[in-house]
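Worksheet for the structure shown next.
The values are calculated or read from the model by the stated rules, or taken from the named source; none is laboratory data. From a predicted model like this one, the values you see are computed outputs, not experimental measurements. Here the Cβ is made from the backbone with ideal geometry for all residues, glycine too, and neighbour counts use every protein chain on show. The area values use the complete protein model at the heavy-atom level, side chains included, leaving out ligands, DNA and RNA. Shrake-Rupley method; radii C 1.70, N 1.55, O 1.52, S 1.80 Å.
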2 protein chains.
Amino acid sequence: MTRPRSRRGGGRPTIADVARKAGVGAITVSRALREPGRVSEDLRRQIQAAVDELGYVPDPNARALASARAEVFGVLVPSLTNNVFAEVVRGIYDSLSDSPFRIQIGNTHYSGLEEERLLQVFGSQRPAALIVAGIDQTPSARRLLENAGCPVVQVMETGPDPVDMMVGFSHLDGGRTAAEHLLQAGYRKIGFIGARMDPRSQRRLAGYRAAMETAGLFDPRLITTTPVPSSVSLGRELFRDALAKMPTLDGVFCNNDDIALGVLFECHRASIDVPKQIGIVGFNDLDMMQVAFPSITSVRTHRYEIGTRSVAMALAAIAGNPPQQRIVDLGFELMRRESTAR
Amino acid sequence: MTRPRSRRGGGRPTIADVARKAGVGAITVSRALREPGRVSEDLRRQIQAAVDELGYVPDPNARALASARAEVFGVLVPSLTNNVFAEVVRGIYDSLSDSPFRIQIGNTHYSGLEEERLLQVFGSQRPAALIVAGIDQTPSARRLLENAGCPVVQVMETGPDPVDMMVGFSHLDGGRTAAEHLLQAGYRKIGFIGARMDPRSQRRLAGYRAAMETAGLFDPRLITTTPVPSSVSLGRELFRDALAKMPTLDGVFCNNDDIALGVLFECHRASIDVPKQIGIVGFNDLDMMQVAFPSITSVRTHRYEIGTRSVAMALAAIAGNPPQQRIVDLGFELMRRESTAR
DNA sequence: TAGACAAATGGTAGCGCTACCATGACTGGG
DNA sequence: CCCAGTCATGGTAGCGCTACCATTTGTCTA
């Protein structure tokens, strides 16, 4: 016995209601909504009128089930509050705001295991594309990405071996450039200060180290790091530690701008002249770097563009035109400012 | 003619595969996964073994379609990069990480129309709960929230008329407290500097104004605002404008900490003594406020807790125990620091 | 010991949509 | 003028899961 349209769903209009009202088949409604070109002008108008009148909104869940593909971009980042990733995510959102795709963000907390778990969760939805931060996935996470059955973009870094596509830049080169700039400015005892030493920070450190070794000035005691998450106050503390360890320090390359700001404030507090006694270089070039007094030299990275570019590549791949260039290096730019001008 | 299990879905194991392998009905598998208590110990073990062996992961789309309810929390914030909302979102994520609920974030860009559009999109998924920033929804957005058919939590602010539940604090009181503090510290020509004057900023301004009027010191020329999004560099510029307009300014209450930091840097640059010549108060109390030199007085808000609390309330409501207290005021705390200690 | 009742399990029928094929109406080339 | 080829439309059969109702078995009370 068929109950009379019980509507356990709650009474929202369905595609069948629209079809009935427009006097066409359900499929035609479905097509009119998804591939308007394949439905005649006339019917399209009729259907649109019925849609408007009923206030019909397609059910994305039913759509995903029937087509075996959800209109969802899965995005995996290690942190939600770190401004760097927030900018990437903003770029992704802005690029997708006029598309039918929804976005689902996963926060891995810098954990490979959490990344695997989230990849599993995301994969179960059959997303349209996946955007993941970093290139250091665990072997099993990498396997999940390879078998995701959708375009995958690794962002923030470039490397030799993409799962599918990549957009980012070389953190090693960025670190080297920062250190070389300090060397050219005449600083010699240049420290490295870093918090939350994730793989990208490690590569910046490696770049710093390469530059220092080339100059014959490397000394492991110049390095001060901690696994603790980065913050301005931590920058201050780490700088104090670094000075205690090596009182003759005359420059610092900071892992990121928060740390650099903490260093600057500690210099103010301890009446250390910047840039005369200490040169400071940050990383990412947040807005505040140019406003600080003195303004702080930093390596500008193109975070928002990484987000928009990754979406563009994924959309192209979804449309069947995978970009010819699978690895996109957006580079970086050294912004020279007062903090290293002596 | 039934084709032999065509699996247009792509060959992943389904609940029927698990049921067959475990020698039980599909429903029993479904129950074992969702309400283990209702399935006998024996079968539960058998089913778990089959799930593990096949690597079965339930399809959330099919689940949502069948149960008319998606395991999704919809979250609407006006900005992704503003640290304030990022903290709220982080609290939401952390509270939900061990639950089956996924999170979908919408970025309204401070636009009521965009908020309506996103509410429509979210609603079509039949989310388990909605968390939205602010209490100033457009009438039609409010209607969408009322008819969402799920718990709704408005966050960041409290007000008299919740759609369903609320977690936040009074921005008016926060603004008043900041201004009163400056007054008590002996400042008289106290300016208000604000960017992106969203409704919350407007209420902070109203609180400032109330305090100034009570003291008989209000002057509209003390107010400097702009609709432009907030940033540290903008803080610097607005402070310059404010000083040009009113050279005798001796204190500023800043809309937020970014602005306050910009003001501090400009003071450094212009050799204006803080706190002697100018007192500065920020809002939100980001980490850097306590590290700045001089450290900056700010109104600490409990953003992460707003996130965790809103989830707790929503989960309780989903479980059928809506909290007795529908409006939760988490308050704020004035952090007195060097920038107002003269 | 019968009857009532709860606990454990299963079958059926969709949820709302789209893939896949079928159909009929045209079009155009030989 | 016929038939292949295209275009517009529709019907059918699921996608993978769960709500809703059986059905069976065991347990307790009168």
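Annotations for the structure displayed:
- Estimated FRET transfer efficiency when R0 is 30 angstrom, pair A:A66-A:N147 (beta carbons, to 0.05): 0.85
- At 7 Å out from Cα toward Cβ: A:G112 inter-copy label distances (nm, ascending): 5.1
- Residue of A:T108, A:T226, A:T297 that the Gaussian network model of chain A assigns the largest fluctuation, springs spanning Cα pairs under 10 Å: A:T226
- Heavy atoms of chains B and A lose about 4700 Å² of accessible surface on contact, summed over both sides with a 1.4 Å probe.
- Average accessible surface area per residue within segment B:282-342, 1.4 Å rolling probe, Å²: 43 Å²
- Cβ-based net charge around B:E305, under 15 Å, with every Lys or Arg adding one and every Asp or Glu removing one: -2
- Build a GNM of chain A with springs between Cα atoms under 10 Å apart, and of A:Q120, A:Q202, A:Q48 the one that fluctuates most is A:Q48.
- Residue of B:T158, B:T214, B:T28 that the Gaussian network model of chain B assigns the largest fluctuation, springs spanning Cα pairs under 10 Å: B:T28
- Computed from the C-beta positions of B:K189 and B:D161, the FRET efficiency with R₀ = 30 Å rounds to 0.20.
- Each DSSP beta bridge with both residues in the protein assembly as shown is either parallel or antiparallel, and the antiparallel ones are about 10%.
- Each principal axis of the Cα atoms in segment B:15-58 has its own extent, and those three values, largest first, are 23, 17, 15 angstrom.
- For B:K21, the aspartates and glutamates whose Cα comes closer than 14 Å to its Cα, not counting residues fewer than 8 places off in the same chain, are B:D52, B:E53.
- Segment B:176-191 and segment B:26-71: distance between their alpha carbon centers, rounded to Å: 61 Å
- For B:102-109, mean number of other protein chain Cβ atoms within 10 Å: 5
- Spin-label model distance (nm) - B:Q202 vs B:K245, 7 Å beyond Cα toward Cβ: 1.8 nm
- Neighbourhood net charge (14 Å Cβ-Cβ; Lys/Arg +1, Asp/Glu -1) for B:C267: 0
- FRET efficiency, B:H268 to A:Q325 (Cβ-Cβ, R0 35 Å, nearest 0.05): 0.15
- Packing rank of A:218-224, B:62-68, where each peptide gets the mean count of other beta carbons within 10 Å, highest leading: B:62-68, A:218-224
- Label-to-label distance, nm, for residues given as B:D94 and B:A316 (7 Å Cα→Cβ offset): 2.0 nm
- Cross-link pairs beyond the 25 Å C-alpha cut-off, checked among A:K245/A:K276; A:K189/A:K276; A:K276/B:K189: A:K276/B:K189
- Note on A:A26 and A:T214: the extension gain reaches 60.7 nm, defined as 0.36 nm multiplied by sequence separation minus the Cα-Cα distance.
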